[in-house]
Structure formats: structure tokens, C-alpha cells
Amino acid sequence: MDFDGLIRRGLEVERRSAADRPAPMLLDETLVVLHILAPEGGAFDGETLYAALAEAGFDRRRGELFVCAAEHGEYLALNALKPGRFPAEPAGFATRAVGLVLPLAGSERPLAAFEDFLERARGLSDALGGRLCDARRSSLTRQTIGYLREEVQQYQLKHLAAQRKGGR
């Protein structure tokens, strides 16, 4: 998995203006991006964050990234503030936001991966006392979740049809 590319593409969400983005958004039609924001004026301290990520099933990879290798795909956790990476040691580190990325292309069952990803994101947000948000950092509502679910279903159907067509 190209983690550097995922980080660049995940952080690209921050550079796009709200007017340029469809609502809701799958980045490049292949990535679901969510954010967990610290309470207003606060930050997640490194030790608490790293422990919560580990509890949610994320492991350190390459010393700077957290990856969750789940049944239906891999999910990436990154520092939502530039440079997008976590320091090797949590002591003295804090961040106001964590980005969570689900690459749909790596999953045989994208909808199942999305549901698991969403559940882990909710649990992580609760554990940190943060606010779960969409790619634009707006609070994640039931309506937005429904839209994202529909987009993931469309992605799954499109790729299933392509696989069937290619297999004939």
C-alpha cells in the first residue's frame, strides 16, 4: 500500500475549497476520509492518542503511521495537521485532529469495510472525547453517513460490474 500517496491525497482535502467539493465526498472516488477533532481549544496528547489507536486495532507502520488491518480492508490513521505523520514517540506530542482514511480499492467488500471503518471511527472518537467529522470537518450526521454509504455502494457495484465484465 502506498502510504505516502494516501497521506498526500488525504491532506489534499484540506486544500480544496468547499465549493469545489461534492457533498459528501469520496476523495478520487476511492477514499473515504473522516476526521476526529479535539474539543474546541484542546488537543489530543500523544500518549492518550497512541493508546486509543492501539485499542481500536491500529498498529504502527514505518514508525510514522498507524494502520488497522481489518477483515475487509486496511484503514490508515494520520495526523490531520501537516506533515500528516506521527512522531516515533508520543511523549510531548499533541494534535488537534486525526484523519482516518479508508481506501476502497483494496477491499473485496467495500461496503462491509466502510461499516467496520465507521464503527472503529466512532469508537476512537468516543475514546478520545473528540468530535467525529466528515472530510470537510463538518460534524458527521446520519444524513452524511447515508450519503457516504450510498457512494460506497455505487463504488462497489461499479467495480463488481467491471470485474464481471473482465472475467468473461
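Here Pro87 meets each of (1) at pLDDT below 95; (2) within 15 Å of the chain's Cα centre (by Cα) with one exception, condition (2).
Filtered by the rule that a residue be in contact with a Cys (Cβ under 9 Å, 6 or more places away or on another chain) and not β-branched (Val, Ile, Thr), segment 35-61 gives His35, Leu37, Leu53, Ala56, Gly57, Phe58, Asp59. The requirement of being surrounded by fewer than 17 Cβ atoms within 10 Å (Cβ to Cβ), at pLDDT 95 or above and in contact with a helix residue (DSSP H, G or I) (Cβ under 6 Å, 6 or more places away or on another chain) is fulfilled somewhere in segment 116-134, by at least one residue. All told, Leu102 falls short of being under 14 Å from the mean Cα position of the chain (by Cα), in a loop (DSSP other than H, G, I, E, B) and either within 20 Å of Ala127 (Cβ to Cβ) or at pLDDT 95 or above (or both).
A search for C-beta distances below 9 Å between a residue of segment 107-133 that is on the phi > 0 side of the Ramachandran plot and any residue that is not in a helix (DSSP H, G or I), counting only pairs 6+ apart in sequence or on different chains, returns Gly129/Ala38; Gly129/Pro39; Gly129/Gly42; Gly129/Phe44. Count of segment 70-94 residues, restricted to those that are loosely packed, with under 12 Cβ neighbours inside 10 Å and either in contact with a Pro (Cβ under 6 Å, 6 or more places away or on another chain) or of a type in the set (A, V, I, L, M, F, W, C) (or both), is 2.
Here's a check for you: in segment 71-106, which residue that is among the aromatic types (Phe, Trp, Tyr) and in contact with a strand residue (DSSP E or B) (Cβ under 7 Å, 6 or more places away or on another chain) is farthest from Leu160 (Cα to Cα)? For segment 71-106, the residue satisfying everything is Phe86.
Within segment 28-48, being more than 15 Å from the chain's Cα centre (by Cα) and either more than 18 Å from Ala135 (Cα to Cα) or among the acidic types (Asp, Glu) (or both) holds for Glu40, Gly41, Gly42, Ala43, Phe44, Asp45, Gly46, Glu47, Thr48. Taken over segment 55-95, the criterion of being farther than 19 Å from Ser107 by Cβ and among the small types (Gly, Ala, Ser) is satisfied by Gly63, Ala80, Gly84, Ala88, Ala91, Gly92, Ala94.
The values are calculated or read from the model by the stated rules, or taken from the named source; none is laboratory data. If you're wondering where the values come from, they're calculated on a predicted model, not measured in any experiment. Reconstructed Cβ throughout: ideal geometry from the backbone, glycine too, with neighbour counts over all protein chains shown.
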